[in-house]
Amino acid sequence: MYSSYEVWSPNSVNRTDLRCPSDCSKDAENVHHCCVCKAVPEWHLSSKYILLSLEYTKRDGSAKVIGDKHSSVPAILKHRDGYLQGLPTNLCDFINIREIDFKRNKISTIGIISCLSKLDRLDLSYNKIYQIYNDTFTLLTHLRILILTHNGLTKLDPFSVAGTSLSIGHLDCSWNNLTEIDISNIIPENDFCEYKFNSNEITKFVNKGGFSLNKDKIYEGGLVELTGNLFSKFIDFEDLGIKDLKILGTLMSFGFVLSDAKFDCDCHMTPYLELAEPILKKIWRDYFNMSCWNPPEYQGLSIPGLVIQKKLDLFICNITKECPRYCRCYHQPHKRRTVVNCTDANLEKLPKYVPDASNLTLLFKNNKIKTLESRDYLANATFIDISGNGFDEVGDNVSLLIRNDIHFLMQEHNLKDLPRGFQLLNPCFAQIGRTEIKCDCKHLWIKDWLQNKNAAQCENKTLVICNTDGGQIPILSINRDDLCTTSVITFQIPSIILCVLAILIFVVSVISYYYRYEIYLLFRHIKSKSNKISVISKYDVYVSFDDDNPFLRYWVLQFLDLKLKQAGYRNFIPCRDTFPGDVKEENMINTITNSRNFLVILSKTYEYDDNIWTKLEWKNIWHHFYNNKDRRIVISNYDLINHPIDLKLKAFIRLGLDVDFANRRHILLDEVKLKLGLPYCAQQSYIRNAKPKFVPSKLSVVRQGEKYEENHKSKMSLVSSSMVLLEDRIYD
């Protein structure tokens, strides 16, 4: 029926009532965009629609729609040049309304229009609508044409006209009072034909809605008209959340029109102009019509012309903060530098301050600076020109502040010698110029420096001349023997000695650190040989072991504990003596603090990661042992472990301070008791009532154990009643 139109459906919404002109198919690559711009509803072509009318109900501009609200035929509601204050009260009863034209009324708010889900066109131009909210048109998924011109609009909420659910192809917000526009309203998620924001007061784009580009999406569209606004700054896409400028041209297939913008051609343009070829030609359709407005000397210059002529270094931003008097300071992004130009400024000393920036270019040429003083900003400089000053002195630390690879121009100076720190510089980059000095042996470093840096190839930049009795000779042409009239004192032997000492100290330090616990235990063992009486403790022995090992637990409870008790030791075994309900860690710390010595039975599972409590026990045992010089730790190597994980346990094993289980079970307890020392009660009775008996060092371990048992029995028999009472008090 409609030979010149074809059925077409937009990508963003499932519609079958739109028709696209057949001419659009002639350009295969742009068929879809052509249809977005030129499609018309089927009811317009067939004229199968009804016209609704409006009836005012109050003098305040209230009205209602008159017509058949039950009809399924598309309806058009048109009422121009009236005095409507708001939308008709019964508007939502007519759900088949497809077009609304309320041009030239007095509508100030849009409230209930979202109920018209099939609305295709809305014209609210020449009304009094000042703000559009982000939920005003949310449910109008079929809306293709929205006209809001001449309303006095001052604000468009983010995503209010270009939200993800909207498919507005034609938007006209021209001739309003907008001062800024959110980028979410000019880069729609769905295809569009034309968005007009002409003749507003827009000065900038903002990103208050948190918009970000989807790298997996191509943003199709036509033009965003922005002429007749107050733009002066180039659009800063990075501030708008678009961090990767290189992908901008790839993702965006539409452009902006800003032909009459009065652009400030400054440093803010540089990042985008550097990408002019791949990006700006694509997204800026009138790119070649852009020209500079400021600064005045650039007014009228073609911006793309400056790009083509490779004059991007003209785009700068002047800096006034901390810029020295009579100097000019500016930021030049194209050359990645900040320039402080004090050439011919009649300066007598270096400025104390310059703008805080990296990659400084300092131009102090042709002044009256006599001393090259130390300034902190020299460390940030990549280029310094201080030539033509005739300075004769270089301050301390200047050479340390200046970068090694700096371009340093200092020709026409009056230096009589070169600072030793200059050897850090490259003489071909640091153009020192001609320097005449009276050479002697102390200037050997200059000859070595210039030779090592191949300065012979850049004598036009750095040349050191020696004033000799035979005339002026370049220092590179003088023999070393001619520089030194006396033999050079060699410092090789002292240097070698210092190197050996340094290496020795380093090795000793490494070894000392690696064996720090072994060294500590040895020194402690030596210092512990005294007759000092220990502080009274509640327990003689705290036994730490993996009580999840049934064999080891049986041996400790049924054998070890019994034997130690028979010898008079007061033992604490955590798995047996900890009361149910006690805070385990707190009770452990208190018991360790009240124990005189510690017996650690080292098994394979003692250091397992699962054994949290044994690890915590060992940590607190070592801490108490370390802070109390009268405490002892006895390690019983139950599983003959040679390399424990813990470095402190490893130190005991390395020094042989552990008690070995293998092949020596008949003397195991004797060794344990010898290392633990006498129990407290026996020690006290021994001191009060018994004469000490000394065991000859040549006796075997077995004999020593027998003597120990004999002494112990005699000591226990001498305990007085007062000691028994003391024991009772201790246990209490």
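I need the full set of residues from region 189-201 which are within 21 Å of K155 (Cα to Cα) and at pLDDT 85 or above, in order please. Answer for region 189-201, where residues must be within 21 Å of K155 (Cα to Cα) and at pLDDT 85 or above: E194, Y195, K196, F197, N198, S199, N200, E201. Within region 11-52, restricting attention to residues that are touching a His at 6+ places or on another chain (Cβ under 8 Å) and surrounded by fewer than 16 Cβ atoms within 10 Å (Cβ to Cβ), the residue that is nearest to C193 (Cα to Cα) is N11.
Yes or no, residue by residue, for (1) in contact with a Gly (Cβ under 6 Å, 6 or more places away or on another chain); (2) over 30 Å from D630 (Cβ atoms); (3) modelled with pLDDT under 90:
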{"position": "N454", "(1), (2), (3)": "no, yes, yes"}
{"position": "T468", "(1), (2), (3)": "no, yes, yes"}
{"position": "G471", "(1), (2), (3)": "no, yes, yes"}
{"position": "I493", "(1), (2), (3)": "no, yes, yes"}
{"position": "L498", "(1), (2), (3)": "no, yes, yes"}
{"position": "L504", "(1), (2), (3)": "no, yes, no"}
{"position": "Y513", "(1), (2), (3)": "no, no, yes"}
{"position": "F523", "(1), (2), (3)": "no, no, yes"}
{"position": "I526", "(1), (2), (3)": "no, no, yes"}
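When we screen L415, L444 for residues that are surrounded by fewer than 18 Cβ atoms within 10 Å (Cβ to Cβ), assigned by TED's automatic domain parsing to the domain that holds I465, out of contact with any Lys or Arg (no Cβ under 6 Å at 6 or more places or on another chain) and free of Cβ contacts under 8 Å to residues at least 60 places away in the same chain, the only hit is L444. For W8, work out the one condition from (1) at negative phi; (2) surrounded by fewer than 16 Cβ atoms within 10 Å (Cβ to Cβ); (3) in contact (Cβ under 8 Å) with a residue 12 or more places away in the chain it doesn't fulfil. (2) is the only condition that W8 fails. Working only within region 417-438, note down all residues that are over 20 Å from L400 (Cα atoms) and part of a loop (DSSP other than H, G, I, E, B). Within region 417-438, K438 is the sole residue that qualifies.
Count, please, the residues in region 189-232 that happen to be farther than 21 Å from D260 by Cβ, β-branched (V, I, T) and either assigned to a loop (DSSP other than H, G, I, E, B) or touching a Ser or Thr at 6+ places or on another chain (Cβ under 7 Å) (or both). If you could, list the steps in order and put the result at the bottom.
Quick first cut of region 189-232, residues farther than 21 Å from D260 by Cβ only: 189-193, 206-221.
Those left that are additionally β-branched (V, I, T): 206, 218.
When the remaining residues are screened for being either assigned to a loop (DSSP other than H, G, I, E, B) or touching a Ser or Thr at 6+ places or on another chain (Cβ under 7 Å) (or both), the result is 218.
Final tally of qualifying residues: 1.
I'm checking my understanding of the structure. Among residues of region 612-644 that are modelled with pLDDT of 85 or more, among the β-branched types (V, I, T) and not in a helix (DSSP H, G or I), which one is surrounded by the most Cβ atoms within 10 Å (Cβ to Cβ)? The selected residue is I633. I'm told T320 meets every condition in (1) in contact (Cβ under 8 Å) with a residue 12 or more places away in the chain; (2) out of contact with any Pro (no Cβ under 7 Å at 6 or more places or on another chain); (3) among the β-branched types (V, I, T) except one. Can you identify the failing condition by its number? In the conditions (1) in contact (Cβ under 8 Å) with a residue 12 or more places away in the chain; (2) out of contact with any Pro (no Cβ under 7 Å at 6 or more places or on another chain); (3) among the β-branched types (V, I, T), T320 misses (1) alone. Restricting attention to region 202-226, which residues are closer than 18 Å to I147 by Cα and either of a type in the set (K, R) or at pLDDT 85 or above (or both)? Within region 202-226, L223, V224, E225, L226 qualify.
Check whether at least one residue in region 101-109 is outside the structural domain of H170 (by TED's automatic domain parsing), without any contact (Cβ under 8 Å) to a residue 12 or more places away in the chain and more than 49 Å from the chain's Cα centre (by Cα), and report yes or no.
Just the residues of region 101-109 that are outside the structural domain of H170 (by TED's automatic domain parsing), to begin with: 101-109.
Filter once more, keeping what is without any contact (Cβ under 8 Å) to a residue 12 or more places away in the chain: none.
Checking region 101-109: not a single residue is outside the structural domain of H170 (by TED's automatic domain parsing), without any contact (Cβ under 8 Å) to a residue 12 or more places away in the chain and more than 49 Å from the chain's Cα centre (by Cα).
Screening region 399-412 for residues that are out of contact with any strand residue (DSSP E or B) (no Cβ under 6 Å at 6 or more places or on another chain) and not in a loop (DSSP other than H, G, I, E, B) and picking the one that is surrounded by the most Cβ atoms within 10 Å (Cβ to Cβ) gives S399. Does L91 meet the test of being of a type in the set (A, V, I, L, M), more than 53 Å from the chain's Cα centre (by Cα) and crowded, with 18+ Cβ neighbours inside 10 Å? Against the criterion (of a type in the set (A, V, I, L, M), more than 53 Å from the chain's Cα centre (by Cα) and crowded, with 18+ Cβ neighbours inside 10 Å), L91 qualifies.
Take region 104-163 and flag every residue that is among the aromatic types (F, W, Y), at pLDDT 95 or above and surrounded by fewer than 18 Cβ atoms within 10 Å (Cβ to Cβ). If you could, list the steps in order and put the result at the bottom.
At the first step, the residues of region 104-163 found to be among the aromatic types (F, W, Y) are 126, 130, 133, 137, 159.
Now narrow it down to the ones that are at pLDDT 95 or above: 126, 130.
Within region 104-163, Y130 is the sole residue that qualifies.
Of the residues T468, T462, which is at negative phi and buried (at least 17 other Cβ atoms within 10 Å of the Cβ)?
Values: T468 fails: buried (at least 17 other Cβ atoms within 10 Å of the Cβ).
Going through T468, T462 in turn, the sole match is T462.
The set of residues in region 406-436 being under 38 Å from the mean Cα position of the chain (by Cα) and farther than 21 Å from K365 by Cβ consists of G421, Q423, L424. Counting the residues of region 7-23 that are assigned to a strand (DSSP E or B) and within 16 Å of L143 (Cα to Cα) gives 3.
For region 558-598, a tally of residues being of a type in the set (A, V, I, L, M, F, W, C) and part of a loop (DSSP other than H, G, I, E, B) returns 4.
With the condition kept exactly as written, say whether any residue in region 416-430 is farther than 30 Å from Y377 by Cβ and either touching a His at 6+ places or on another chain (Cβ under 7 Å) or among the acidic types (D, E) (or both). Step through it out loud before you land on a result.
So in region 416-430, the residues farther than 30 Å from Y377 by Cβ come out as none.
Within region 416-430 (the criterion being farther than 30 Å from Y377 by Cβ and either touching a His at 6+ places or on another chain (Cβ under 7 Å) or among the acidic types (D, E) (or both)), the answer is no, since none of the residues qualifies.
The values are calculated or read from the model by the stated rules, or taken from the named source; none is laboratory data. Nothing here was measured: the structure is a model prediction, and the numbers come from that model. A quick note on method: Cβ atoms are made from the backbone with ideal geometry, for glycine too, and the neighbour counts reach across all protein chains shown.
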